[in-house]
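First up is the structure itself, then whatever we jot down about it.
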Amino acid sequence: MEKFFEQMKEYLNMETEISYEEFEAYYQDVINFLSKDYRTLNQDETIKGRFILSILMSNSEDRAKRYKNLAKKYRKIYEKCHLWAEALTLRLLKMGMTKNQIIQAEQELHESI
């Protein structure tokens, strides 16, 4: 998860927008990782995963509005990320975190970038 988090930090600090192809490849890598290793993530990794998914959701939602020819693909990305974000939220709640603690942890991650 750390690899994906570092890559996301890099993307967030870029001046230009990445292509659909690169966006989709990153998204696929994250989803494939979660599909394989979801149950082994510790609390910190789960928070980072949820943070990454929230950024992907925000960006895919925005891009769906701006790129009409790719809107359907971006909406599918949004939907799958939303599903995984909910799963990670549930996992964090089962680990004993509250919703407010999850929000606070994500805010701290965002501020650290």
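Among the numbered conditions (1) charged (D, E, K, R); (2) without any contact (Cβ under 8 Å) to a residue 40 or more places away in the chain; (3) under 18 Å from residue 3 (Cβ atoms), the only one that residue 45 does not meet is (2). If you filter the stretch 70-113 down to residues that are among the small types (Gly, Ala, Ser) and assigned to a helix (DSSP H, G or I), you find that the one that is modelled with the lowest pLDDT is 112.
Which residues, taken from the stretch 38-76, are farther than 23 Å from residue 107 by Cα, aliphatic (A, V, I, L, M) and crowded, with 20+ Cβ neighbours inside 10 Å? If the condition is that a residue be farther than 23 Å from residue 107 by Cα, aliphatic (A, V, I, L, M) and crowded, with 20+ Cβ neighbours inside 10 Å, then no residue fits.
Whether a residue is within 28 Å of residue 99 (Cβ to Cβ), hydrophobic (A, V, I, L, M, F, W, C) and without any contact (Cβ under 8 Å) to a residue 40 or more places away in the chain was assessed, and residue 5 does not pass this test.
The values are calculated or read from the model by the stated rules, or taken from the named source; none is laboratory data. As the structure is a computational prediction, the values presented were derived from the model and not from experiment. Neighbour counts run over all protein chains shown; Cβ positions are idealised from the backbone, glycine included.
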